[in-house]
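Scroll down for the structure; my scribbles are underneath it.
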Amino acid sequence: MQIEYIILIVIILQFILMVVLFSKNRKGSQVDVSQKLVEYTQRLEKNETTLRDEFGRNREETNKASKDSREELSSTLRSITEQCQRQ
């Protein structure tokens, strides 16, 4: 869910940058603006890939931490149950 919001924000920012670059086009050359758009698009794709990788790693870390917590809780509950049975 968060990935979609971030991607949407990045797309909106890309659109805003394109509008700004096109408005500056009146002052500069068409080739310069096109080149900058290509460079920006490449950076945007790289950032999107990086974000997806980071979110994937965060999900894996969260899943591992959750699993470790469940295992620790289960072990503690077993220990308490055994102590209660002995008494």
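Bear in mind that the values in this text are calculations on the coordinates, not laboratory data. Source: prediction; values computed, not measured. Positions of Cβ are backbone-derived with ideal geometry, glycine not excepted, and every protein chain shown enters the neighbour counts.
So which residue, out of S74, S66, S34, gets the largest mean-square fluctuation from a GNM of the chain using Cα contacts under 10 Å as springs? Top of the fluctuation ranking is S74. In the calculated pair-distance distribution of the chain, the portion above 21 angstrom amounts to 58 percent of the Cα-Cα pairs. Taking the Cα centre of the stretch 2-86 as origin, sum charge times position over the Cβ atoms of Lys and Arg (+1) and Asp and Glu (-1), and report the length of that vector in debye to the nearest 20. For the stretch 2-86, the charge dipole is close to 300 debye. In this rough spin-label picture, where each label sits 7 Å from Cα along the Cβ direction, the R52-Q2 distance is 1.8 nm.
Taking other C-beta atoms within 10 Å as the exposure proxy, Y40, Y5 rank Y5, Y40 from fewest upward.
A simple count of charges around E39, restricted to other residues whose Cβ falls under 14 Å of its Cβ and scoring Lys, Arg +1 and Asp, Glu -1, yields +1. When I9, I3 are arranged by Cβ crowding within 10 Å, least crowded first, meaning fewest neighbours, the order is I9, I3. Taking the chain as the reference, fit the longest principal axis to its C-alpha atoms, fit the long axis of helix 2-24 to the helix C-alpha atoms, and give the angle between the two in degrees, 0 to 90, nearest 10. For 2-24 against the chain, the angle is about 10 degrees. Gain on full extension, evaluated as 0.36 nm per residue between K64 and Q87 minus their Cα-Cα distance, stands at 4.8 nm.
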